Amino acid sequence: MKKLSSIIIFLFLIFGISKSYAQDDFSKFDKDKQFNTVVVTQKMFEMMANVKVAPTNEEEKAYFNLVKKLTSLKVYNTTDKTSKNNLKESVNSYSGKKGLKELANKNDTDSQVKILINKEGTEQNINELIMFNEGLSSTKESIVLIINGSFSLKEIAALTKKMNLPLGDSLNKLSK
């Protein structure tokens, strides 16, 4: 019995450590002065969903319904060369650890946009979405948008448009 409890404790420790490492792929940028950061927690989404405002149209109604489904949203952007490389490494590391699959990509002359989702996800059922816009020129910023919850691509496109978030145009074009 003592051996079994030791094994269970060991497994909990391993699970907790591996989960914290996945979070550290991006949380290290939270206090980095080279990054502009936006972090919206589940508590904030709950507060937004409980605002006592009656939706006046279908778009607002869809927005309030989506907000109830989200658990986190994080945006990191930078123009610093070293920080851009660190951000790219973190996206690659995180997507590899989580087994994310590529939903779409788009290349321009000065940027490359990649959209990744959870491996079980479809355009109608996504639990995690990462959109990475890698600025290829020295003046172009690199941006990563990380969204967790239970949503469709169309819903997230509407949210990013409503919140005026970077990369929202890319999602809008993809969801049509």
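Laboratory data are not the source of any read-out in this text; all were calculated from the coordinates shown. No experiment lies behind these values; they were computed from the predicted model shown.
Ordered from longest to shortest, the equivalent ellipsoid semi-axes for the stretch 98-138 are 23, 9, 7 Å, each the square root of 5 times a Cα gyration tensor eigenvalue. In order along the stretch 118-125, phi translates into HN-Hα couplings of 4, 4, 8, x, 10, 5, 9, 9 Hz, rounded to whole numbers, per the Karplus curve 6.51 cos²θ - 1.76 cosθ + 1.60 with θ = phi - 60° and x for Gly and Pro. Taking amide H as placed 1.01 Å from N in the peptide plane, the amide H of Ser111 sits under 5 Å from that of Leu136, each at least 5 places away or on another chain. Applied to the stretch 139-151, the Karplus parametrisation 6.51 cos²θ - 1.76 cosθ + 1.60 on θ = phi - 60° returns per-residue 3J(HN,Hα) values of 9, 8, 7, 9, 9, 10, 10, 10, 10, 10, x, 9, 7 Hz, with x for Gly and Pro. Among the listed pairs Lys88/Lys119; Lys119/Lys140; Lys31/Lys97, those with a Cα-Cα distance over 26 Å are Lys119/Lys140.
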